[in-house]
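One structure is given below, encoded as structure tokens.
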Amino acid sequence: MEMFSEKNPQCQPILLPLFPFPPFNVTLKNNLYIAIIFMSSFLLYIAIFLTSLSTLAFEITLTRFFSVAQWYHLAFMVVSIALLGIGASGSILMLFPALRKTRLERIIPITTFALSLTALGSYLIANHIPFEMVRLSYDYRQFFYLFFYYLLFSLPFFFGGLTIALALSQIPSKANSIYSADLFGAGSGCLLALLIHALGGVTLCLFTTCTLSVITSIITAVKNSKWLLTAGGSLLLFIVFLFIQKPMWFQLKISPYKDLQVTLRYPEAKHLLTCFNAFSQVDVIESPAVRFAPGLSLKYMKPLPPQLGFTVDGSNLNSITRYQGNKEELIFTSYLPSAFPYYLRKVKSALILEPQGGLDVLTALYHGAEEIEGTEKNPLLADLISQRFAGFTGGVFQRQDVKMIREEGRVYLSRTAKSYDLIESSLTSTLGASSGGMFGLVEEYPLTKEAFSLYYDHLNPDGYLSFTLYLIPPPRQELRLISTIISMLENKRIPDPERHFMLIRSWGICTILVKKGSIGREEILTGSTFLKRCNFDWVYYPGITPEETNIYNLQSEPVYYRMASSLLNRERSNQFIREYLFDVSPVTDDRPFFYHYFKVERTRETYLSAGKKWQFLLEGGYFIPLVFFQSLLISIIFILLPSFLSPRRGETGVKSISLLSYFLFIGVGFMFIEIPLIQRFILFLGHPVYAFSICLLSLLISSGAGSLLSGKLVPPENRVIHLFLFFSIGVVTILYAYFLPILFSSLGGLNLVSRQILSCLVIFPIGFLLGMPFPLGIRLLGNRFPAQIPWAWCINGCASVVSSVGAMMIALRGGFGLVLNLAALFYFFALCSLLLTVCRKSNCL
């Protein structure tokens, strides 16, 4: 057995169970040796697959952790945390060359064990760090905690990236197979994490992630390390113990400033239940704090019916109102601003967009609507109200005249020919009430110009669009809503758009009505009667005078009237939008960020208007540049470290600069395609999680297929094939930028399953092509500068993290179409770098 001993260095690679492809020519004398190598190869790919699966599943778990425990906008950091951890692994390998020479069968069990240990440890530690986003303005320790979050959560991604970087460094000739296993694992991890979260939330996702990675360590250490087997088994038992016993210190801790925790601090408050689906955690509460009747007239003095509260991911407090069939229980709804359209005409058919707890449905029932439909994109909420609490609500969603549709309203309207007397949307959740605009990164396709056009087309003649929202000074969302609707009406070439509007306000709520037809004098008189009954104020109607506003709910001056009148005046509208402190320009599907109001060029004025409180900036659109420059700084450090500290720094990167820049360009290009695709498919599939899961799964699996076949289809030195590959990527990307909206518009009426299948088919071509450039570059680098493969891994990871944030910054200003066009440009730069490298070798330059 001399061939399988460490004394024979030429044959050592065959010895290694995880090193399947010997770099030397070895004569295999019988089929036994072939079988050993085959099984070794299979084990390596399984290890890479499971490592990548665990890493991406942990990334999604971390997103849910931030969304529930803290706030949604912190979840935006997860991508940068993950990719920076992965990029750091390449930098460390460059700084410690001896590490990348360690046998794979010895190092992979250690890195996968460390992945499991740090994933569990980072959660347990972070769960007890006293970080609170709302304290940043006065407690500077929070910055340290935030930095510690970044460092702590990057560790699991570091060890996951290290595992793959080591395999690529030692076997660059098989980069296509290794990268393919990596992508297949990532795609599977995306799907698995979403399925697991639907069963048990964040803690079950964490249990699954840690279990899979420690099992990987145990499998790969079976014949090589007894201490790792013992350590891995002990860690696995500890993980199982935590999941079964669920001690208090293991439970997810939610910020005390979130709606759920605030509500539970009231006397006699009770937590009734928690339930999950793939993208949300819903908690139901019984508390004296639950009194939900947005804008209720101060003239209504009677008590409200009993209500139960519910939150989504600990926020967005809303209510379920008790109704036992007695119409008198609902009399309070006639004193709500949202009841305004029911007093202007007889509403027979109403469509309620996102009815949440059903208050708008009860309002429609009280005012005699004969046919009521509600569209709810979160099926968990619809099931809770219509089934779990049917007795409490009097089975309101099971009535013959009420129908609940479990999909996003815009998607539903795309496939129905029905029309309505009233289409109503109440933006009265925490999302709409965010004073700091902390949801500026949230895409709101139901509030774009194209969405309003669809709503308008589904109105009966003289029907109304109704929008009810909080009045949060300084005025922003109500102005943007008006400007977007005006732009929609102008696109339809409807004369005198200002004659289609009526606006009223209470002490804290504004209702905007848009009529499919001109507002008549009779409607104004009827509306005035309703306002007088409830002590509400006019903000605008065609022909209004300043004296008719600001009567009951007094302000120092009629601010809302003045601003609404400016927007609805065709001669002053554009000037007002241009000069106003906040961005209230129309929102489109290409730039669907309705709640992003900040103008970068007006930063100082915004800071001063907020009373010199910079937290207002941090919670809004300025959070993205902060993350971007933080990621850029850390990425530059990781990329440059090998140049200054590597033991062979004199040779590092000088000859391979063009090939290393290639990895930079494809890293940027890939993310500039991935992020716009996910955003575009949100509109088509009707929910961000559907888009994320379908797009990421399809993109990663198809890229894995492309990577697997790239070894045969794309030879490293064939310039003609290189030109064809990158030309194809550029053309397909540009086609997606311009033709996806047309495709979605024409096929939006398909059912969900058909749309999901079609989405996979549409994504496959671009994903297949995108899987080829990376392994091609690794093989080229392995042939010429194998020692610099970890550096390429670092550069690609860091480029991906910076571009993931940069893509959002560009989209906020120029739209996702621009991002896709820039992606094609970066792949052109990558082609130039590749051709320069190939030509240098063949002396064609």
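Descriptive notes on the structure:
- Each label point was placed 7 Å from the Cα along the Cα-to-Cβ direction; for Lys599 and Phe143 their separation is 2.9 nm.
- Taking each residue as 0.36 nm, the span from Leu581 to Ile129 lengthens on full extension beyond its C-alpha to C-alpha distance by 159.0 nm.
- Separation of the Leu237 and Lys101 label points, Cα + 7 Å toward Cβ, nm: 3.9
- Of the chymotrypsin sites (Phe, Trp or Tyr not before Pro) found in segment 77-141, those that fall in a DSSP loop while having at most 10 other beta-carbon atoms within 10 Å are Tyr138, Tyr140.
- Contour excess over end-to-end distance, with Cα ends at Leu723 and Arg784 and 0.36 nm allotted per residue: 19.9 nm
- Across the alpha-carbon set of segment 289-362, the Rg to Rh ratio works out to 0.96, Rh being the Kirkwood radius.
- Within segment 402-551, percent of DSSP bridges classed antiparallel, to nearest 5: 65
- Estimated Rh, segment 188-265: Kirkwood, alpha-carbon pairs, angstrom: 14.6
- Summed side-chain charge close to Ala269 - residues other than Ala269 whose Cβ falls under 15 Å, Lys, Arg +1, Asp, Glu -1: 0
- P(r) tail, segment 67-197: Cα-Cα pairs separated by more than 20 Å, 53% of all pairs.
- Charge tally in the Cβ shell below 14 Å around Leu83, where Lys, Arg are +1 and Asp, Glu are -1, Leu83 excluded: -3
- For segment 349-497, the Stokes-Einstein estimate of translational diffusion at 25 °C and a viscosity of 0.890 mPa s comes to 150 µm²/s, using the Kirkwood hydrodynamic radius over alpha-carbon pairs.
- Taken as Cα centroids, segment 378-431 and segment 291-331 sit 17 Å apart, rounded to the nearest whole angstrom.
- DSSP beta bridges in the chain [antiparallel fraction, %, rounded to 5]: 60
- Counted charge near Ala126, where neighbours are those whose Cβ lies closer than 14 Å (Asp, Glu -1; Lys, Arg +1): +1
- On the beta carbon distance between Gln398 and Lys346, with R0 = 30 Å, the FRET formula returns roughly 0.75.
- Proportion of all alpha-carbon pairs of the chain beyond 54 Å (%): 18
- Restricting the calculation to Cα atoms, every distinct pair contributes to the Kirkwood radius of segment 116-264, found to be 17.8 Å.
- Low-density loop positions, GluC sites (Glu not before Pro), segment 347-421 - DSSP coil, at most 15 other Cβ in 10 Å: Glu370
- Accessible area in square angstrom per residue, the chain, 1.4 angstrom probe: 39
- Extension gain from Ser658 to Lys492, taking 0.36 nm per residue of separation minus the Cα-Cα distance: 54.6 nm
- When each of the peptides 631-641, 701-711 is scored by the mean number of other C-beta atoms lying within 10 Å of its residues, the order from highest to lowest reads 701-711, 631-641.
- The distance between label points at Asn326 and Asn553 comes to 3.0 nm (points 7 Å beyond Cα on the Cα→Cβ vector).
- Phi angles of segment 79-89 translate, via the Karplus equation with coefficients 6.51, -1.76, 1.60 and θ = phi - 60°, into HN-Hα couplings of 4, 5, 4, 5, 6, 5, x, 5, x, 4, 4 Hz per residue; Gly and Pro are given as x.
- Cα-derived Rg over Rh, computed across segment 438-587 with Rh taken as Kirkwood radius: 0.94
- Lys327 accessible area, 1.4 Å probe, all protein chains in place, Å² to nearest 10: 100
- Compared with the dominant Cα axis of the chain, that is its longest principal axis, helix 175-221 is turned about 30°.
- With Cα atoms, 0 to 90° folded angle of helix 623-645 axis to the chain main axis: 10
- By the helix-only formula, in which each DSSP H run with n ≥ 4 contributes -39500 (n - 2.57) and the sum is divided by residues, the chain has a 222 nm mean residue ellipticity of -19000 deg cm²/dmol.
- Anisotropy class of segment 467-541 from Cα gyration tensor, a/c 1.5 cut: oblate
- Long-range HN-HN contacts of Tyr323 with modeled amide H, under 5 Å: Thr393, Gly394
- Kirkwood analysis of segment 58-143, using all unique Cα-Cα pairs, places the hydrodynamic radius at 15.3 Å.
- Computed from Cα positions, the angle between helix 657-685 and the longest principal axis of the chain comes to roughly 30 degrees.
- Two-site FRET efficiency, His271 against Ala417, from Cβ-Cβ distance with R₀ of 35 Å, rounded to 0.05: 0.20
The values are calculated or read from the model by the stated rules, or taken from the named source; none is laboratory data. Bear in mind the structure is a predicted one, so any value in this text is a computation, not a measurement. Don't worry about glycine lacking a Cβ; one is built from the backbone with ideal geometry, like all the others, and counts go over all protein chains shown. Heads up: the accessible areas ignore ligands, DNA and RNA and are worked out on the full protein's heavy atoms, side chains in. Shrake-Rupley method; radii C 1.70, N 1.55, O 1.52, S 1.80 Å.
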